[in-house]
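The structure appears below as structure tokens.
The values are calculated or read from the model by the stated rules, or taken from the named source; none is laboratory data. Predicted, not measured: the structure shown is a model, and the values here were computed from it. Glycine gets a Cβ as well: all are built from the backbone with ideal geometry, and neighbour counts include every protein chain shown.
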Amino acid sequence: MATPFITESRVLSVSLFLPYTLDIRQASDHASHATKALSLSTADMDAPRNLIDTLAAQKRLPSTPLNQSEKELFNIDTSFPPLPPSSTLTSMPTPAETTNEMDTVKWSIKPAIAGNIGLQNAIHSVSHRLKQHTWVGTLGKVELDPLSSTTKDKIAATLQQQYQSYAILPPDDVFDGHYNHYCKQVLWPYFHYVMQDDIQNKRHLDDPWPAYVKLNQMFADKIASIYQQGDIVWVNDYHLMLLPKMLRDKLPNAIIGFFMHIPFPSSELFRCLPSRSQLLEGMLQADLVGFQTYSFARHFLQTCSRILSLDTTPSGIQMDSHYVSVGIYPIGIDIAALNRKRQNADVTKWMTMLKDKYAGKKLIVARDKLDYVKGVRQKMLAFEQFLIRHPEWRGKVVLIQIALSTSEENELRAHISDVVSRVNSKFSNISYQPIVFLHQDISFPQYLALLTCADASLITPLRDGMNLTSHEYIVCQEDRQNPLILSEFTGTYGTFGACLRVNPWDYRQIGDAIHEALSMPTEEKQSRWKELYKCIEVNSAQTYATSVISELAKIHNATGRRFSAQIPALPIRFLKQAFASSKNRVVFFDYGGTLVTHGQAASITELNRVIPVLTKLTADPHNTVYVISGRTRFEVERDLGGVPNLGLRQNGFYIKSRGEEWQSLFHQIDLSWKPVVKEIFQYYTERTPGAYIESKESSIVWHYRTTTTPGPDAQYVAWQAAECQNHIADSVNKNFAVHAVAGRTNIEVLPHDVNKSGIANRVLLDTQPDFVLAIGDDRSDEDMFAYLNKQNAVKNVITCTVGSRSTEAKYYISNVDYVLDLIDTLSS
């Protein structure tokens, strides 16, 4: 039986880097290039080319000369960079080389060794389950300006026809400003909790930020040009945070997903970014925003609430134009692909050499980018503390640290070298060197051999996304089942409960963790490894890709109800026919914003219009009509109490059925939260001109509507409202069974059970109708719309929102006057 497709739609995976790049050289220089490469290889024969030699070149003790086995161990062919092992690029298909000659340029397409290869592996692992798939991205750090437009067109055509990839080919200065300056020197530090100085913040506004905007726009233009109705556009990572909004402007109906692969910082840090609002607004035009961990998603939601004053829930954000789902999808590795590579004969060869070289010693293996957020220097200092505090391990433990080069400008290497030299000078002897440090990657078989032979893996970044090296280590430890030491600031830590958790800034704690790992009983090692391996199986690359694409496919199927601009207008003819053919009707109206103007007491003119049309509607014994208001019982009774047979509901707490007195829907309800909320509201009232508190029987409302007229205070008031809402969420919602409803100019706190869906449920149980009409205008009506839409036992359910916004309603109407005209029409 064939495996079903994840989705029938075409999936466009959008990432800054394509899985492919170019090998470019001048055709006239081809022969000299080969000669030059050969001469360089010959000249470098005596240069250090392995782990031991590289370290020795930095600082070598006279008493420890290199032997032949040291010279051969980890020998690296420097004429061609090895593939990066940490992201298991081995699961990517190797394309056949395509060589073309135009003008004086020879170029060929080859697999990229940079970029988000974890994403590429995840997509490749489910490619057989995607009916159609294509990549959109750049070719990476390739100089394109020297190429003619004809050559660029040929490159783009070859990628499209042979590799199902659409290439973005930006000018070199745009790519450099976007990636090397804005992404790596502005966004990357902030997202990894490294504050920038004033000079860096000012500099970003000159060239890097416009370059960031321009490259995002180039992506939007390309995607819009190739977009087909029904496509799913999956945008990836912090390089393209503006892209969802740019795409929404061009493709209003497109299904757009955005996934952040790096940590999302806390709101206190993100708010320091000069372009904070633009970046958030760009992301929020996606239908789905995904993160690696719960904490990253929580930070994003809090940031949107505090900076943009949005009403958020743990599962998403209700925007005026659409609903943004927020999900957690931890990325993983393709275990089967990695296991196939472990069977390579070269892996066995390197394992044998490692065992011979380090016989009788414990190996601790680490591999990180040489980036200030990866904590390499802190790791070296922690290992020094380990040797100082646990002298019994001196001469018996070797730390092998692989350090990969990055594009970030920093002086970290010099600082690390100082620590490495000091530790090796202090603790080395004629046959032992405690730290083997290599500022260069190694081949994939060597990497797998290291992970397999390790007695522990030390992964201690100061801040990181998922860190798939930890996953690969666990798989490679299938036979030995040795411990993993992991920083609590990695995304992986959230699912790896059986690792040895460390704070990367606590050097003594790391040293003690190394001692614990090397001293751990076999039974405990096995137990911890089994639990870790189960986590990897559950959070695999296949699960990650399938989950994200499946969720986007669901949104695709449900998109008709996301945008009120896209849902149909209320069909009057159908409404009249359904109304006339029904015998037992229930009608729900919101009050403020639906029957009368929102946010103020109803005027005499409005009431003179509303009361007659409601009276006509309630005169029919087949109609049960309720007006649902958040205003007090006194206000509702004063305005509409004279309408005969009209059902009234106040705040979901009190109900007045036709011809009856007011009743409480709840006999016992906890109101102990009210003093706490009132105190918080009072704090913000004192600091917000014109704001005031309204206390009701079952809720408290903070009003700030009198201060929202355009002027210098408007922005301050909006900020205060956002701070107040977050204060309520942090201090009250966690301790009491209440929820805050953010209106247009107020915040109301009320018990969880008090809502409009509850009153709708009560009325439907009492009346058993065959027709339901519900009309409302704000967020408090959405739970009622969602509840009523699920009532399949009712023959006709018509839910309708007033105005243009995202909604659960099936239809929309334009304004309050239209509602009154509609009621008058139905009553005739």
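For segment 713-738, filtered to residues that are of a type in the set (S, T, N, Q) and touching a helix residue (DSSP H, G or I) at 6+ places or on another chain (Cβ under 9 Å), the residue that is modelled with the lowest pLDDT is N735. Considering segment 318-393, the qualifying helices (runs of 4 or more DSSP H), each wholly inside and each with 2 or more residues that are in contact with a His (Cβ under 9 Å, 6 or more places away or on another chain), run over 335-342, 376-389.
Given the condition within 30 Å of L648 (Cβ to Cβ), at pLDDT 85 or above and either touching a strand residue (DSSP E or B) at 6+ places or on another chain (Cβ under 9 Å) or not in a helix (DSSP H, G or I) (or both), answer yes or no: does some residue in segment 589-599 qualify? Within segment 589-599, one or more residues are within 30 Å of L648 (Cβ to Cβ), at pLDDT 85 or above and either touching a strand residue (DSSP E or B) at 6+ places or on another chain (Cβ under 9 Å) or not in a helix (DSSP H, G or I) (or both). Check segment 803-812 and report whether any residue there is surrounded by fewer than 17 Cβ atoms within 10 Å (Cβ to Cβ), closer than 21 Å to D311 by Cβ, assigned by TED's automatic domain parsing to the domain that holds N623 and within 29 Å of the chain's Cα centre (by Cα). Scanning segment 803-812, I find at least one residue that is surrounded by fewer than 17 Cβ atoms within 10 Å (Cβ to Cβ), closer than 21 Å to D311 by Cβ, assigned by TED's automatic domain parsing to the domain that holds N623 and within 29 Å of the chain's Cα centre (by Cα), so the answer is yes.
Restricting attention to segment 145-184 and to residues that are hydroxyl-bearing (S, T, Y) and outside the structural domain of N216 (by TED's automatic domain parsing), the residue that is surrounded by the most Cβ atoms within 10 Å (Cβ to Cβ) turns out to be Y182.
Checked against the criteria, A498 counts as in a loop (DSSP other than H, G, I, E, B) and either β-branched (V, I, T) or without any contact (Cβ under 8 Å) to a residue 60 or more places away in the chain (or both). Residues that are touching a strand residue (DSSP E or B) at 6+ places or on another chain (Cβ under 9 Å), touching a residue at least 40 places away in the same chain (Cβ under 8 Å), closer than 20 Å to E782 by Cβ and buried (at least 17 other Cβ atoms within 10 Å of the Cβ) do occur in segment 315-323, at least one of them. If the condition is being under 17 Å from A382 (Cα atoms) and either assigned to a helix (DSSP H, G or I) or of a type outside the set (S, T, Y) (or both), then segment 482-495 contributes L484, I485, L486, E488, F489.
One residue stands out in segment 185-212 among those that are crowded, with 16+ Cβ neighbours inside 10 Å and of a type in the set (A, V, I, L, M): the one that is modelled with the lowest pLDDT, namely V186. Cβ-Cβ distances below 6 Å connect the following pairs, each with a first residue in segment 258-280 that is within 23 Å of L247 (Cα to Cα) and assigned to a helix (DSSP H, G or I), a second residue that is modelled with pLDDT of 90 or more and aliphatic (A, V, I, L, M), and a separation of six or more residues or different chains: L279/M241. Total residues in segment 253-280 satisfying the condition of being more than 18 Å from H192 (Cα to Cα) and either modelled with pLDDT of 90 or more or basic (K, R) (or both): the figure is 7.
Quick grid of which residues meet (1) closer than 28 Å to I400 by Cα; (2) under 24 Å from the mean Cα position of the chain (by Cα):
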| position | (1), (2) |
| --- | --- |
| Q509 | yes, no |
| H515 | yes, no |
| T522 | yes, no |
| E537 | yes, yes |
| A545 | no, yes |
| S550 | no, yes |
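Under the condition of being of a type in the set (G, A, S), more than 30 Å from R298 (Cα to Cα) and buried (at least 18 other Cβ atoms within 10 Å of the Cβ), the residues counted in segment 507-535 number 2. Screening the candidates R389, R422, R463 for the property of being under 28 Å from P189 (Cβ atoms), touching a residue at least 60 places away in the same chain (Cβ under 8 Å) and assigned by TED's automatic domain parsing to the domain that holds N339 yields one hit, R463. Taking every residue in segment 752-763 that is part of a loop (DSSP other than H, G, I, E, B) and pairing it with any residue that is of a type in the set (D, E, K, R) and modelled with pLDDT of 80 or more, at least 6 positions away or on another chain, the pairs with Cβ-Cβ distances below 7 Å are N755/D783. With respect to (1) under 16 Å from S582 (Cβ atoms); (2) part of a helix (DSSP H, G or I); (3) of a type in the set (A, V, I, L, M, F, W, C), the lone exception for A786 is condition (1). Within segment 600-636, the set of residues being assigned to a loop (DSSP other than H, G, I, E, B) and either touching a Leu at 6+ places or on another chain (Cβ under 7 Å) or closer than 24 Å to R744 by Cβ (or both) comprises Q600, A601, A602, S603, G630, R631, T632.
Only residues that are under 12 Å from I24 (Cβ atoms) and without any contact (Cβ under 8 Å) to a residue 24 or more places away in the chain were counted across segment 140-154, and they come to 1.
Anything in segment 302-313 that is under 9 Å from S267 (Cβ atoms) and not polar (S, T, N, Q)? List them, or say none.
Correct list: C304, R306, I307.
Quick check on this structure: which one of S629, S699 is in contact with a strand residue (DSSP E or B) (Cβ under 8 Å, 6 or more places away or on another chain), modelled with pLDDT of 80 or more and of a type in the set (G, A, S)? Walk me through how you get there before you give the answer.
Numbers: S629 fails: modelled with pLDDT of 80 or more.
Result of the check over S629, S699: S699.
Just one of the listed residues (R248, R271, R298) is of a type in the set (K, R) and closer than 27 Å to L468 by Cα, and it is R298.
Just one of the listed residues (P504, P461) is touching a Lys or Arg at 6+ places or on another chain (Cβ under 6 Å) and either hydroxyl-bearing (S, T, Y) or crowded, with 22+ Cβ neighbours inside 10 Å (or both), namely P461. Going through (1) farther than 15 Å from I628 by Cβ; (2) over 31 Å from the mean Cα position of the chain (by Cα); (3) touching a residue at least 24 places away in the same chain (Cβ under 8 Å) one by one, D817 falls short only on (3).
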